[in-house]
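Step one of this worksheet: look at the structure below.
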Amino acid sequence: MAWREKIAWITLVAMLIAYGVYFTLISLSTLPPVSMLALFGGLTVIQVIAVIVATTVLAALSSEEARAKPDERDRAVARRGASIAYFVLIVGMITVGVVMPFRDTGWRLINASLFALVVAETVRHLIVVVSYRRGWHG
Amino acid sequence: MAESRINNQIRTLRFLAGEMTQADLGARIGVTRQTIAAIEQGKYSPTLEAAFRIAKVLGKPLDEVFQWEDRDG
């Protein structure tokens, strides 16, 4: 498995767990805004630390691979992930910024924009993983 | 799998070139071993530059290394 595919898997799993917990909790309860922000920030920090630790362990186990610069396939796969995720993010931002304000306010808008960001990032990593797994002839 | 219309003989030519490993070939053209494996399996179509580099390292003309599969008849 390519080094950058491993990193994409780690990030994807960490994101799905962290933000799965966040959006499940806020949909099941009515937390005060400050608690929501603290929860989101806390989970983000935990997720980032988990990814850094996992990446460091992986790099120690495969040091030569980890030091290698991204090659043309890595760059092509990354571009594909970013360009598809960009459209997901645009749709999310239009929904949050143009459509939702007609019926929603405050924290619903903030959480919807956070959700759009998380979905776009998830799509980016998912595209990367799928491109490495199934092939990409960009 | 995303289908490629480009076939290649890299695996055979590596064997004929003194059983060159994927890692050796990758190192000589500036890609990872996994990328060479992906090219051999038809999971990735290399750039034109990488294709020329591969052909040069294997000591063959480009069209002996890569072939276009014409499905249109």
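Figures for the structure shown
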read-out	value
Some residue of region A:112-124 being away from chain B (no Cβ under 13 Å), loosely packed, with under 13 Cβ neighbours inside 10 Å and in a helix (DSSP H, G or I)	no
Per-region count, region B:13-48, residues away from chain A (no Cβ under 12 Å) and under 20 Å from A:Lys6 (Cβ atoms)	1
Helices (runs of 4 or more DSSP H) contained entirely in chain B, each with at least 1 residues that are of a type in the set (Asp, Glu)	B:22-29, B:33-40, B:48-58, B:62-65
Flag if B:Ile6 is among the hydrophobic types (A, V, I, L, M, F, W, C), at the interface with chain A (Cβ under 10 Å from one of its Cβ atoms) and over 28 Å from A:Ala66 (Cβ atoms)	yes
Test: residue in region A:43-65 that is β-branched (Val, Ile, Thr) and in contact with a Ser or Thr (Cβ under 7 Å, 6 or more places away or on another chain)	yes
Matching entry among B:Arg71, B:Arg33 (being surrounded by 13 or more Cβ atoms within 10 Å (Cβ to Cβ) and of a type in the set (D, E, K, R))	B:Arg33
Sole exception among (1) surrounded by fewer than 14 Cβ atoms within 10 Å (Cβ to Cβ); (2) modelled with pLDDT of 95 or more; (3) of a type outside the set (Lys, Arg) for B:Phe52, by number	(1)
Region A:94-103: number of residues that are in a helix (DSSP H, G or I) and loosely packed, with under 14 Cβ neighbours inside 10 Å	6
Failed condition for A:Ala50, given (1) part of a helix (DSSP H, G or I); (2) closer than 23 Å to B:Gln34 by Cα	(2)
Restricting region A:125-138 to residues that are part of a helix (DSSP H, G or I) and without any contact (Cβ under 8 Å) to a residue 40 or more places away in the chain, the residue that is farthest from the other protein chains (Cβ to nearest Cβ)	A:Val130
Residue among A:Val45, A:Val34, A:Val91 that is away from chain B (no Cβ under 14 Å), part of a helix (DSSP H, G or I), more than 14 Å from the chain's Cα centre (by Cα) and surrounded by fewer than 12 Cβ atoms within 10 Å (Cβ to Cβ)	A:Val34
Pairs with Cβ under 6 Å, 6+ apart, first in region A:54-69 and surrounded by 10 or more Cβ atoms within 10 Å (Cβ to Cβ), second in a loop (DSSP other than H, G, I, E, B)	A:Ala68/B:Thr32
Any hit, region B:59-72, residues being under 10 Å from the mean Cα position of the chain (by Cα) and under 20 Å from A:Lys69 (Cα atoms)	no
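The values are calculated or read from the model by the stated rules, or taken from the named source; none is laboratory data. The model shown is predicted, which means the values in this text are computed figures rather than measured ones. In this analysis, Cβ positions are derived from the backbone assuming ideal geometry, glycine residues included, and neighbour counts consider all displayed protein chains.
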